[in-house]
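Notes follow the structure.
The values are calculated or read from the model by the stated rules, or taken from the named source; none is laboratory data. Being a predicted model, the structure only gives us computed values, none of them experimental. SASA here: full protein model, heavy atoms, side chains in, ligands and nucleic acids out. Shrake-Rupley method; radii C 1.70, N 1.55, O 1.52, S 1.80 Å.
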Amino acid sequence: MKTDLRIQKTRAAVQNALFDLLGEKELSKISISELCRRAQINRKTFYRHYRSTADIIEELENSLLGELSAILRIGNNSIFDVGAVFHDISAAIEKNRELLIKVMRLNPELLIGGKIKAMMCRATSLSLKSAGTISDAAADVAAEFAVSGVLAIYSAWLNGGCKGDLTMLTEVSAKMAAHGLTAFVSDDKLTEMRF
């Protein structure tokens, strides 16, 4: 179901106003009245869409969550097509870069904790389990390891001012997720741990 264009414009105005104000002061110091003045709406309109400024942040997080979830559900891209999945995730992060930087100032754990990580771990674990070659517990551990590493890399890139080449970051992440250290070190140089 498509959202009415007026609703989209109002929400965009409120979100933009919030981010403008966040450039000037902390979230806790922004009043609803001030936010409404900046968005050029009245309080009644604001409360028709949101209960608080936290709802705005949650809406933005849920939007990103939906986008990343869609990437993992695309029929043509198996989660095991690591290159395609990482390319799509990087494209979503690049597209939402400014928004992510602003939201991560409020919630530094946006990517490395919470809903996004949980959804990606769940999708990865389910895919590993469906492959049928790993126990449920081992699939959960493998998913946690892979997803935590990848999201920490993207998080560090965003928190560090997006310095460095996102394409290179994507390629290294995909190789690590698919092959671990063996993607960069020859087998004869690696010593496998014996248990």
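Using a probe of 1.4 Å, the accessible surface attributed to residue 88 totals some 40 Å² when neighbouring protein chains are kept in position. Couplings 3J(HN,Hα) for the range 37-47, derived from phi with the Karplus relation 6.51 cos²θ - 1.76 cosθ + 1.60 (θ = phi - 60°), are 4, 5, 7, 6, 9, 9, 4, 4, 5, 4, 6 Hz, where x marks Gly and Pro. Accessible area per residue (1.4 Å probe, heavy atoms of protein chains only) ranks 147, 141 as 141, 147, with the largest value leading.
Across the chain, the mean sequence separation of Cα contacts (distance under 8 Å, 6 or more residues apart), normalised by length, yields a relative contact order of 17 percent.
Our coupling estimate for the range 104-111, obtained by passing each phi through the Karplus curve with A = 6.51, B = -1.76, C = 1.60 and θ = phi - 60°, is 5, 5, 7, 9, x, 8, 3, 8 Hz, Gly and Pro reported as x.
Across 52, 69, 28, mean-square fluctuation computed from a Gaussian network of the chain (C-alpha pairs under 10 Å connected) peaks at 28.
Surface listing: 59, 171 arranged by accessible area from highest to lowest gives 171, 59, probe 1.4 Å. For the set 181, 64, the ranking by accessible area, highest first and with no ligand, DNA or RNA atoms included, is 181, 64 under a 1.4 Å probe. Computed over protein heavy atoms with a 1.4 Å probe, the carbon and sulfur contribution to the accessible area of the chain reaches 55%. Computed from backbone phi, the HN-Hα couplings of the range 53-65 come to 5, 4, 5, 5, 4, 4, 4, 5, 4, 5, 5, 5, 4 Hz, rounded to whole numbers (Karplus: 6.51 cos²θ - 1.76 cosθ + 1.60, θ = phi - 60°; Gly and Pro given as x). Angle, helix 5-22 long axis vs. longest principal axis of the chain, Cα atoms, 0 to 90°, nearest 10? Value to nearest ten degrees: 80. According to the square roots a ≥ b ≥ c of the eigenvalues of the Cα gyration tensor, what is the shape class of the range 16-152, taking rounded for a/c under 1.5, prolate for a/b larger than b/c otherwise, and oblate for the remainder? Here the range 16-152 falls in the prolate category.
Each residue was assigned an accessible area with a 1.4 Å probe, and for residue 168 the value is about 100 Å². Rolled with a 1.4 Å probe across the full set of protein chains, the surface gives residue 81 an accessible area near 70 Å². Within the same chain, lysines fewer than 8 places from residue 129 are excluded, and of the rest, those with a Cα less than 28 Å from its Cα are 115, 117, 175. Using just its DSSP H runs of length 4 or more, each adding -39500 (n - 2.57), the chain gives a mean residue ellipticity at 222 nm of -22500 deg cm²/dmol after division by all residues.
Taking the inverse of the mean 1/r over every pair of distinct Cα atoms in the range 91-188 gives a Kirkwood hydrodynamic radius of 14.6 Å.
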